[in-house]
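Only one structure is covered here, and it is reproduced in the block below.
The values are calculated or read from the model by the stated rules, or taken from the named source; none is laboratory data. Computed from a predicted structure; not experimentally measured. FYI the Cβ positions are ideal-geometry reconstructions off the backbone, even for glycines, and counts take in every protein chain you see. All accessible areas refer to the heavy atoms of the entire protein, side chains included, with ligands and DNA or RNA removed. Shrake-Rupley method; radii C 1.70, N 1.55, O 1.52, S 1.80 Å.
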Amino acid sequence: MSLHVIVGAGRVGATTAELLADQGERVRLITRHGSGPEHPAIERVAADATDAGRLSDLTESAAALYNCASPLYHRWLTDWPPLASALLTAAERSGAVLATASNLHGYGPVDTTITPQTPLAATHPKLRIRAEMWRDALAAQRAGRLRATEVRASDYLEANSIFSFVLKVPLLAGKRAWVPAELDLPHSWTSTVDVASTLVTVARDERAWGTAWLVPSNPPLTIRELAGRFTRVAGAPEPKLSTVPYPVLWTGGLFSPLLRELRTTRYQFTRPFVIDSSHTERSFGLAPVDLDVALASVAKQT
């Protein structure tokens, strides 16, 4: 039984904690208020993870340190730098493998399928910061200071995505969903279950260290296709979808931080946005959870 320390108890952090606990590992879950799932093997700790000294103490003797934090998007430029610095310090001092749950923002706009060879080419500060975090971790590993790995997911099915924010509730209620995106472009969708399983896998396997991995994801679907699949699985009425015109979205951003930030990532929904996770799947024998199973779980969430 090893100690695994997780920072963040959002959907990915909680799922990772439960997965490790169910495997018989000892889990220490760190959040600002000590929140997280209840489990005999999960120790919930209230702490400020940006305090490098405190985080280092909590990570002492741990096998792995998981970055599952999820600052509010409009606070990334403020909240990520001190947290990323503290995580690097704690991993270096403790010897724990630093395993980070990340996303595709660091690639910036792309015109082809995202693969392991796709460069991190984002130029917008909000997008570039995730790329810079990985470059800092990789530089520290190459300098022999720590061991690091990262997994990158597309939009989640279960939380913190356009699907959970604007599609799920109206579709289940049989109402029209107003979507701030094109409806008929292929898009990759990732289950947080697969994020957690990939994160735990790469943290344990030294072949994964020093590399970023695309999380196993099902074949891409358009928003219209995903909505139809979801309503069939959930037993809900046929989906009714409309696109929110960009001028309306822009105006809404004057009053809503969330809508304002959607301007930055709008490119992901105005062109095909697809990942090829086959290299991860072949390397570790992983496969994405069945899409209908994942959607059924989403439908049951309160």
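Here are a few things to note about the model shown:
- When R271, R263 are screened for being within 27 Å of T112 (Cα to Cα), touching a residue at least 24 places away in the same chain (Cβ under 8 Å) and among the basic types (K, R), only R271 passes.
- Where a residue in the stretch 132-145 is open to solvent by 70 Å² or more (accessible area, probe 1.4 Å) and its partner, wherever it lies, is outside any helix (DSSP H, G or I) and not aromatic (F, W, Y), with Cβ under 8 Å and at least six apart: R135/L120; R142/G210
- Every residue from the stretch 64-100 that is buried (at least 17 other Cβ atoms within 10 Å of the Cβ) and in a loop (DSSP other than H, G, I, E, B): C68, A69, S70, A96
- Cβ-Cβ under 7 Å pairs, at least 6 apart or on other chains, the stretch 57-82 side free of Cβ contacts under 8 Å to residues at least 60 places away in the same chain, far side among the hydrophobic types (A, V, I, L, M, F, W, C) and not in a helix (DSSP H, G or I): L58/V5; L58/I30; L58/V45; L58/A47; T59/V5; T59/L65; T59/A96; S61/L3
- Members of the stretch 151-204 that are among the charged types (D, E, K, R) and either part of a helix (DSSP H, G or I) or open to solvent by less than 50 Å² (accessible area, probe 1.4 Å) (or both): R152, D155, E158, K168, D194, R204
- Residues of the stretch 33-52 that turn out to be of a type in the set (G, A, S) and either crowded, with 18+ Cβ neighbours inside 10 Å or in a strand (DSSP E or B) (or both), as a count: 4
- Test: residue in the stretch 23-32 that is open to solvent by 60 Å² or more (accessible area, probe 1.4 Å) and under 24 Å from W209 (Cβ atoms): yes
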